[in-house]
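Inspection log for the structure reproduced underneath, given as C-alpha cells.
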Amino acid sequence: MKDANLSVRAAAIYAMYTLGEKVDLTPLSVMLQSQRPGLRANVAMLLGLLGDRSAIPMLKQTVGVPMPRVDAARAAVVRYQVAEAIVRLGDNSELDTLRGGVYNSFGEVRVLSINALGEVHDRRMTPALHQILDNNREPPEIKLAAATALARMGNQAGVDIEVKLSADANPVIRAQAAWGLGWFSDSKSFARLQELLGDSSAMVRVAAAASVVRQT
C-alpha cells in the first residue's frame, strides 16, 4: 500500500478490503480523477469489483472529467471501463454504452465491452455475439471474447473456437483462449486446458491453471 506505483497501491487497497481488513478507500476516489488513463481505468475496475453501490455517483462524475492530452483509443478504453463498473454495481444506465462498444472502431474497446456483457449476463446481446462467432472476418481476440461471453451466460456454442485458437501461434491469443475455456463445462475444454498447463509460455500456463481451478 506504500508502493510508488499508484495502480499497485489501488490493487493493494482492494486486496486488503476484500480480505476483511479495515482500510481507507478514500485514495481510490482521488486516483479516479487522475489524468493517467491506465490508473483511472484500473481504479474504475476495482470499484466495480468492490461491489459498493455508493461508488456509482463518483463513477458517473468521472465520465464528465476530460483527459485532453490522452489519445482517443486510451480515452475510449477508460470510458468503457467506467461504464462496466457502473453496470457491475447494478446501475443499468450504462448498459447501452457497453452494447454500443461491441461495434466500436477500437478493438480493445470491443473486447472490453463484450467481456463486460458476459460478466453482467446481458442475454439481449446473444444474437449479436453469435453473429461474431459466425463472421470469419472478425479478429481472433473478438471471436474469443464473444465465445467466452456466451459461455458465461451458459451458452457453449463457442467451445470449438476456443479450442482451435488455444493452439494459435500468438501466446497472447493462446492465453486469452485458455482463460475463456475455464467458463465451459465439457470434457473437451478441460482436456485442452490440461494440455495448456505445459505450454511454452508462462502467461498461457497461468491462464490455464486459473481456468482449471474455475472448472473444478
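Ordering A146, F184, A116 by Cα displacement along the dipole of the chain toward the positive end leaves A116 in first place; charges were set at the Cβ atoms of Lys, Arg (+1) and Asp, Glu (-1).
Taking 0.36 nm per intervening residue step and subtracting the Cα-Cα distance, what contour gain separates Q215 from D186 on full extension? Display every interim value, and only then the final one.
Details: separation 29, 0.36 × 29 = 10.44 nm, distance 0.93 nm.
Gain in length upon complete extension: 9.5 nm.
Computed over the range 77-148, the P(r) curve from all C-alpha pair distances, binned at 10 Å from the origin, holds 22, 58, 19, 1 percent per bin.
Between E108 and D91, what length comes free when the chain is fully extended (0.36 nm per residue of separation minus the Cα-Cα distance, one decimal in nm)?
Values: separation 17, 0.36 × 17 = 6.12 nm, distance 2.32 nm.
Extra length available between E108 and D91 comes to 3.8 nm.
Across the chain, counting alpha-carbon atoms alone, Rg and Dmax equal 17.8, 50 Å.
Distance between the C-alpha centers of the range 57-113 and the range 166-206? Whole Å please. First find each Cα centre; the distance between them is then 28 Å. So for the chain, if I pair up every lysine 8 or more residues apart or on another chain, how many of those pairs have alpha-carbons under 22 Å apart? The result is 4.
When the helices of the chain are scored as -39500 (n - 2.57) per DSSP H run of n ≥ 4 and the total is divided over every residue, the value at 222 nm lands at -20000 deg cm²/dmol. Once the chain from E195 to A72 is taken as fully extended at 0.36 nm per residue, the excess over their C-alpha distance is 40.3 nm.
Which log10 I(q)/I(0) values, to two decimals, does the range 135-216 give at q = 0.19, 0.21 Å⁻¹ under the Debye formula with one point per Cα? Relative scattering, expressed as log10 I(q)/I(0), comes to -0.68, -0.83.
Working from label points 7 Å from Cα in the Cα-to-Cβ sense, the H130 to V172 distance is 3.1 nm. Under a Gaussian network description of the chain, with springs only between Cα atoms under 10 Å, the residue in Q33, Q81, Q61 that fluctuates furthest is Q61.
We did not get these values from a lab; they are worked out from the coordinates using the rules stated. These numbers come from a predicted model, not from an experiment. So basically every Cβ, Gly included, is an ideal-geometry build from the backbone, and we count neighbours across all protein chains shown.
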